[in-house]
Amino acid sequence: MIINKYLAGVLFSSACLFTSTTAIAAAGSFIVKDIQVEGLQRVTLGAALLNIPLREGDSISPSDTALAVKKLYASGNFDDIELYRDGSTLVFKVTELPTISSIEFVGNEAIPEEQLKESLSSSGIRVGEPIDRTIIRSVEQGLQEFYYGAGRYSAKINTILTPLPRNRIDIKFSFVEGKSAEIKQLNILGNTVYSTAELKNLFELSDHTPWWNVMADQQYQKQLLAGDLEKLRSHYVDNGYIRFKTESTQVSMTPDKQGIYITLKVNEGEQYKLGNISLTGNLLDKEEELRGLLALDSGELYSGASVTATEESLSRYLSRFGYAYPKVSTYPEINDEDHTVNLTIAVEPGPRIYVRRINFAGNDVTKDEVLRREMRQMEGTWLSNRLIDRSKTRLNQLGFFETVNTNTVRVPGEMDVVDVNVQVKEQAAGSFTAAIGYGNESGVSLNLGIQQDNFFGTGNKAGISVSTNDYSKKASLSYTDPYFTVDGVSFGGKIYVSDFEAKKADIVDYNNRTYGISGTLGFPVNENNTLSFSLGYEWNKISQTTSYAQTDIFWDIYKDEIDQDGSFVVFQGFDVSASWRRRTLNRGVFATSGSEQKANFTMTVPGSDVQYFKMSFDNKYYVPLSTNHRWSVLMRGRVAYGNGYGQTSNGDDHVLPFYQNYYAGGFYSVRGFNSNTISPKGLQNSSAPGSGNSGYVATDSSIGGNALATASAELIFPTPFLSEEYANLVRTTVFVDAGSVWDTEFDASVYESQTCLGGCKYYGDYSDPMRLRASAGVSLQWLSPMGPLVFSLATPLKKYDGDRTEVFTFNIGTTF
């Protein structure tokens, strides 16, 4: 039994002072002329005297000396105190508590060392502090109870205290955790409505583990049993059995403490239906609106979950109008004769709450104004939980923060005024990268640059990028201000240059050097919709190297543009575009719910060297499968189409330039296939003297098409063996991709009718419209400090001759 240390101190001091206090009692009170404290080492004399309620010149009695000893013990600095009287001088002889030199843990596997240190620190047990043996014993008892609650009934915790010189002490906690007791049998008695097997399926605890479920176990935990009992009750109550109760819970242990037998006895009761449902209280003249939110109807089975949902729905509705702390209580009146339940729902809105101030914390890089402009809850207006939630969503959508949390705090002395505190945890919103990508077929690609979506904490996007691989060299400079005006109009610009060697990218043989510049204005329509308009100029120098049937059609139309030696042609012109985006995603990076749709239309202006248009539609939709959003499904799709418009000066119809064609395959498209490999193939004339061939054959080089369709479905699941605190930084998925590219303007039958001898490949083997490719695989994504990292393994499910596949891809510094 643990004796209170203060009481122990009084008893001890009384024993030590028996002779002197007897003398004091016989002599009566006396005047103290001096107070001395001997034995001090760490504690200063001034600190010790402050804890003694006596002063020189005081008249003291035995009760005063006992109180003085008690106060010294209460300071928490002393292990032993003796009090002497030397004439008119009081002498306190003290022994200080040892100072903790180190804390060590041995044998702890079930409890992490960091968690143990935090627990001890919160109890005052930390290195450099005096040891409190009472707290040590309390910690031991708490740890023992933890292990018992986890079913480890054979666990033992020993505390070893080792004295050191200079009044120091080492503490070692030695754990013998033992094994968790297994549930040998789980019995449920008294159930007739539902079978025992049905009820066991509700439980997290189990007395049977299938051989194929390697993650399951039969270990007993007290906390899990309490949760399972609540699930059992909720199951019955949600199905009308409002009188259900668990009459007894028996947990017995085998003699070796390794097995547990659980027996539950239940009383199901009868099934009840809802009778009258009434609303009372202060309904704010909104009874009709409030009734429309009821998830309850007379005559249906009583459901506790529906009652809770109704209370929450009414509370959320009231909070929209500033009644942030409403009380909505449901009082059931059970009629056992006709098995009905009448409900009285009492509504008390409480006072309307106003916001005094909105405070931000954790934004060490991002400026307050960047967060404040996303807030839909305003200072000086009434508090609306709907606006708070919308503000939180907009902050998450920025992609600057790993977590965003909000809470309201009442202003002291005010019943109807609160402050809103917004706590964020920043994450990498860009990087200075030396990015590298690798594919088992495409090889190594490099990318050097700076991409910052939160430029110097302003919320603006800025980027300088230089990338190179076997077939492409690119450089670009971009900048976007999402709040170019105070009402959210954005403005951005981009300058870029590139060299592209198509043949090395598995595309028909041509080279393209491009220079371009563009500017974009974005206009918010409402919270979720944005319209953008762009104007750009682009200069393309296309070199002719090899003849293909598809490109010959293009060159026949624009032959007047070819330079004198026929080696290249330059096309230049302005283009305009309009786009629409709707976004309801809950996060800017690693979203788990909501959707995003984007539509874009681009065309070169009339009078350009080539007149064409391109349009596309992208859709992304997340469906959470669990309440904590750790499991979700992502469905994505994209369709695109392009063509020429108008006529040239020679009367020919403009066509979509082949260097603007669509392709599929690769990391951002249909994974498992090489970039650009999903496409019609280039067609070349096979006629040659002595070959015996006349006609066209298909090459292995892609030519692209003017129409594209891709789709993807992904299951997002918790990353195995990874702590939940990293859920917003790491994502694992399994996916299925599919896609096709085709040409609506090219007539393959004209070339297929010609003959080709000697085992030539016919064009029709590669270019049938809507040839669908598909793949499946797994992906790991990590928002690392050096930039986004993506790893994927994919295998084709459906492919055709000539397709080039890529099973493994790895990218650092890419974009999700």
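Criterion applied to F571, F617, F590, F613 was being crowded, with 16+ Cβ neighbours inside 10 Å and modelled with pLDDT of 95 or more, and the one residue passing it is F613. The set of residues from the stretch 65-85 being touching a Ser or Thr at 6+ places or on another chain (Cβ under 6 Å), open to solvent by 50 Å² or more (accessible area, probe 1.4 Å) and under 17 Å from Q36 (Cβ atoms) comprises just one member, R85.
Looking at the structure I just gave you, is I111 farther than 19 Å from I169 by Cα and modelled with pLDDT under 85? In short, yes.
Taking the conditions exactly as written (within 20 Å of the chain's Cα centre (by Cα), aliphatic (A, V, I, L, M), outside any strand (DSSP E or B) and surrounded by 14 or more Cβ atoms within 10 Å (Cβ to Cβ)), does L371 satisfy them or not? Answer is yes for this residue. Select from the stretch 145-175 the residues that are open to solvent by 80 Å² or more (accessible area, probe 1.4 Å) and either outside any strand (DSSP E or B) or under 13 Å from N108 (Cα atoms) (or both) and list them in ascending order. Scanning the stretch 145-175 gives E145, F146, Y148, K156, N158, P165, R166. Looking only at residues of the stretch 300-320 that are open to solvent by 50 Å² or more (accessible area, probe 1.4 Å) and in a loop (DSSP other than H, G, I, E, B), we find that the one that is farthest from I388 (Cα to Cα) is E300.
Has the stretch 127-135 got at least one residue that is under 36 Å from the mean Cα position of the chain (by Cα) and in contact (Cβ under 8 Å) with a residue 40 or more places away in the chain? Within the stretch 127-135 (the criterion being under 36 Å from the mean Cα position of the chain (by Cα) and in contact (Cβ under 8 Å) with a residue 40 or more places away in the chain), the answer is no, since none of the residues qualifies.
When you look at T627, is it β-branched (V, I, T), outside any strand (DSSP E or B) and either closer than 15 Å to G536 by Cα or open to solvent by 30 Å² or more (accessible area, probe 1.4 Å) (or both), yes or no?
Numbers: β-branched (V, I, T): yes; outside any strand (DSSP E or B): yes; either closer than 15 Å to G536 by Cα or open to solvent by 30 Å² or more (accessible area, probe 1.4 Å) (or both): yes.
Spelling it out, T627 is indeed β-branched (V, I, T), outside any strand (DSSP E or B) and either closer than 15 Å to G536 by Cα or open to solvent by 30 Å² or more (accessible area, probe 1.4 Å) (or both).
The single residue among S101, S122 that is hydroxyl-bearing (S, T, Y) and open to solvent by less than 70 Å² (accessible area, probe 1.4 Å) turns out to be S101. Output the residue which, of all residues in the stretch 594-604 that are open to solvent by 40 Å² or more (accessible area, probe 1.4 Å) and not basic (K, R), is farthest from T648 (Cα to Cα). Filtering the stretch 594-604 for residues that are open to solvent by 40 Å² or more (accessible area, probe 1.4 Å) and not basic (K, R), the one farthest from T648 (Cα to Cα) comes out as N600.
Looking only at the stretch 37-52, residues that are more than 56 Å from the chain's Cα centre (by Cα) and surrounded by fewer than 17 Cβ atoms within 10 Å (Cβ to Cβ) come to 2 in all.
Regarding the stretch 231-239, can at least one residue be identified that is open to solvent by 30 Å² or more (accessible area, probe 1.4 Å), in contact with a Gly (Cβ under 8 Å, 6 or more places away or on another chain) and under 27 Å from T254 (Cβ atoms)?
Going residue by residue through the stretch 231-239, those that are open to solvent by 30 Å² or more (accessible area, probe 1.4 Å) are 231, 233-235, 238-239.
Checking the rest, the ones that are also in contact with a Gly (Cβ under 8 Å, 6 or more places away or on another chain) come to 234, 238.
Add one more test, that the residue is under 27 Å from T254 (Cβ atoms), and what stays is none.
Within the stretch 231-239 (the criterion being open to solvent by 30 Å² or more (accessible area, probe 1.4 Å), in contact with a Gly (Cβ under 8 Å, 6 or more places away or on another chain) and under 27 Å from T254 (Cβ atoms)), the answer is no, since none of the residues qualifies.
State yes or no: is S472 open to solvent by less than 30 Å² (accessible area, probe 1.4 Å) and over 31 Å from the mean Cα position of the chain (by Cα)? Against the criterion (open to solvent by less than 30 Å² (accessible area, probe 1.4 Å) and over 31 Å from the mean Cα position of the chain (by Cα)), S472 qualifies.
If I filter the stretch 314-322 for residues that are of a type in the set (K, R) and touching a strand residue (DSSP E or B) at 6+ places or on another chain (Cβ under 7 Å), do I get at least one hit? Walk me through how you get there before you give the answer.
Our first condition is that a residue be of a type in the set (K, R); within the stretch 314-322, this holds for 316, 320.
In the following step, the residues that additionally are touching a strand residue (DSSP E or B) at 6+ places or on another chain (Cβ under 7 Å) were identified as none.
Checking the stretch 314-322: not a single residue is of a type in the set (K, R) and touching a strand residue (DSSP E or B) at 6+ places or on another chain (Cβ under 7 Å).
Restrict the check to the stretch 724-745 and report whether at least one residue is modelled with pLDDT under 80, among the aliphatic types (A, V, I, L, M) and under 26 Å from V623 (Cβ atoms). The answer is yes, given that some residue of the stretch 724-745 is modelled with pLDDT under 80, among the aliphatic types (A, V, I, L, M) and under 26 Å from V623 (Cβ atoms). Only residues that are outside any strand (DSSP E or B), at pLDDT 85 or above and more than 30 Å from L585 (Cβ to Cβ) were counted in the stretch 522-547, giving 0.
Restricted to strands (runs of 3 or more DSSP E) entirely inside the stretch 186-295, those with at least 1 residues that are closer than 29 Å to A309 by Cβ and of a type in the set (A, V, I, L, M) are 259-267, 273-281. Inside the stretch 717-741, residues that are open to solvent by less than 30 Å² (accessible area, probe 1.4 Å) and more than 13 Å from Q781 (Cβ to Cβ) make up a count of 5.
For the stretch 22-50: of the residues being assigned to a loop (DSSP other than H, G, I, E, B) and touching a Phe, Trp or Tyr at 6+ places or on another chain (Cβ under 9 Å), which is modelled with the lowest pLDDT?
Taking the stretch 22-50 as the starting set, the residues that turn out to be assigned to a loop (DSSP other than H, G, I, E, B) are 28-29, 32-33, 39-44.
Of the ones still in play, those that are also touching a Phe, Trp or Tyr at 6+ places or on another chain (Cβ under 9 Å) are 39, 43.
Numbers: G39: 88, V43: 85.
Filtering first and then ranking leaves V43.
Picking from residues in the stretch 241-292 that are farther than 30 Å from R352 by Cβ and small (G, A, S), the one that is modelled with the lowest pLDDT is G259.
May I ask you to say which residue of K257, K265 is open to solvent by 80 Å² or more (accessible area, probe 1.4 Å), more than 30 Å from E337 (Cβ to Cβ), of a type outside the set (S, T, Y) and in contact (Cβ under 8 Å) with a residue 24 or more places away in the chain?
Details: K265 fails: more than 30 Å from E337 (Cβ to Cβ).
Step by step, each of K257, K265 is checked, and only K257 is open to solvent by 80 Å² or more (accessible area, probe 1.4 Å), more than 30 Å from E337 (Cβ to Cβ), of a type outside the set (S, T, Y) and in contact (Cβ under 8 Å) with a residue 24 or more places away in the chain.
T530 satisfies every condition listed in (1) open to solvent by less than 20 Å² (accessible area, probe 1.4 Å); (2) touching a Pro at 6+ places or on another chain (Cβ under 7 Å) except (1). Screening the stretch 574-587 for residues that are touching a helix residue (DSSP H, G or I) at 6+ places or on another chain (Cβ under 9 Å) and among the charged types (D, E, K, R) and picking the one that is least open to solvent (accessible area, probe 1.4 Å) gives R587.
The values are calculated or read from the model by the stated rules, or taken from the named source; none is laboratory data. Just so it is clear, the structure is predicted and the values come from calculations on it, not from any experiment. In this analysis, Cβ positions are derived from the backbone assuming ideal geometry, glycine residues included, and neighbour counts consider all displayed protein chains. Ligands, DNA and RNA are excluded from the accessible area calculation, which covers all protein heavy atoms including side chains. Shrake-Rupley method; radii C 1.70, N 1.55, O 1.52, S 1.80 Å.
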